[in-house]
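Before any comments, here is the structure.
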Amino acid sequence: GRVALSFKWTNDIQSYVSVARGHASRVYPLFSYPVDGIVGNPYPAALGWTYEAGVKADLLSHRLQIDASVYHNDIKNGVMSYLDPSLGAFRTTYQDYKTSGFELQARALIAEGLSFSGGVGYIHSELGANGAAVNTVTGNPVPNTPKWTATAGLQYETSAKAIHLPGKLSADLQYQYTGKRTADIDKSYYLDAYSLVNAQIGWKNKDLEVYLFGRNLFDKRYETFGSLYSGMQLVSVGRGRTLGVGLTISF
């Protein structure tokens, strides 16, 4: 269930509040091995309340759009993943937790065909006492949940007449920042913050698009998951630089 109320202050500025009740069906643990032909009990169903308030603004004759929101999530028996060094694999567990924070996003038209987009987010997360883990994790941050995230990007689009083609040429440069976050529910240690730079250039016309892309251009070896095993800090490393070509056909 969900209920929302919005109010238009002007034709270009609108604010809203919403409350939602969520439910996720019971699921079996990842790598749940049958014993004597019987699968173990599934996790309890996950339930949650989500509260949000925000404002949307379209300013300067549609040259600047701003979205801002604050939120609070209260989750019971939420499923989360972690790295199990003894198995050399990712596993799942469930735990009560709460998250609160804000998000701010903006998009601005700088010049004809050139636009800037960016955003920043903050999350305060906290584990509850109920769940698969013992009560010693109460108050710890939710694993792999950064306090700060940010994005920034430049997008450019122009006619392809300069190269004697129909349609348009486009270029996209994007920066992504992910702050440090705890590796596990015990807050054994923190994974390092990291930044990624992605780019894409291409040509499109009606229902066809061809593009070249680069992901993680500076080949960062960033940490995605972690766990403590016999006193050692183990981490799973993200994908390095990736270059490729893509084709999109719409019909």
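I need the fraction of alpha carbon pairs in region 28-141 separated by more than 21 Å, rounded to a whole percent.
I get 58 percent for the Cα pairs in region 28-141 exceeding 21 Å.
Hey, with R₀ at 22 Å, roughly what FRET efficiency would GLU112 and HIS164 work out to, going by the Cβ-Cβ distance, to 0.05?
Step by step, r from the Cβ atoms, then E = 0.55.
So, taking all protein chains as they sit and a 1.4 Å probe, how much accessible area belongs to HIS23, in Å² rounded to tens?
Using a 1.4 Å probe on the heavy atoms, I get roughly 130 Å².
If Lys and Arg each add +1 and Asp and Glu each add -1, what is the summed charge of the other residues whose beta carbon sits under 13 Å from the beta carbon of ILE185?
Cβ neighbours under 13 Å give a net charge of -2.
With every protein chain left in place, what is the accessible area per residue of the chain in square angstrom, probe 1.4 Å?
So the chain comes to 62 Å² accessible per residue, rounded to a whole number.
With a cut-off of 18 Å, note down the residues of region 92-131 whose backbone N falls inside the zone around a label point 7 Å from the Cα of TRP9 toward its beta carbon.
103-107
Under 26 Å from the Cα of LYS147, which lysines turn up, not counting those fewer than eight places away in the same chain?
LYS56, LYS76, LYS98, LYS180, LYS187, LYS220
Tabulate in residue order the Karplus-calculated ³J(HN,Hα) for region 229-236, using 6.51 cos²θ - 1.76 cosθ + 1.60 with θ = phi - 60°, rounded to whole Hz; enter x for Gly and Pro.
Result, rounded to whole Hz: 9, 6, x, 9, 8, 9, 9, 9.
For LEU30, enumerate residues with amide H under 5 Å from its amide H, sequence gap 5+ or separate chain, H modeled in the peptide plane.
THR92
Just add up the charged neighbours of TYR71: K/R +1, D/E -1, any other residue whose Cβ is under 10 Å from the Cβ of TYR71.
-2
Let me know the whole percent of all Cα-Cα pairs from region 126-210 that are separated by more than 21 Å.
Tail fraction, whole percent: 56.
Per 0.36 nm of contour for each residue apart, how much would the distance between ALA53 and HIS23 grow if the chain were fully extended, relative to their Cα-Cα spacing?
8.7 nm is the gain from fully extending ALA53 to HIS23.
Kirkwood hydrodynamic radius of region 1-87 from all distinct Cα pairs, in Å?
Evaluated over region 1-87, this radius sits at 16.8 Å.
Given Cα positions, please report Rg to Rh for the chain, the hydrodynamic radius being the Kirkwood one.
In the chain, Rg relative to Rh is 1.04.
Could you go through region 203-210 in sequence order and give the Karplus-derived ³J(HN,Hα) for each residue, using 6.51 cos²θ - 1.76 cosθ + 1.60 with θ = phi - 60°, rounded to whole Hz, and x for Gly and Pro?
10, 9, 8, 6, 9, 10, 9, 10
Hey, any idea what % of the chain's accessible area is carbon plus sulfur with a 1.4 Å probe?
For the chain, the apolar C and S fraction of the accessible surface comes to 59 percent.
The values are calculated or read from the model by the stated rules, or taken from the named source; none is laboratory data. Treat the numbers as computed from the prediction; the structure is a model and nothing was measured. Neighbour counts are summed over all protein chains in view; Cβ atoms, including those assigned to glycine, are modelled from backbone coordinates with ideal geometry. Note: areas computed on protein heavy atoms with side chains; ligands, DNA, RNA excluded. Shrake-Rupley method; radii C 1.70, N 1.55, O 1.52, S 1.80 Å.
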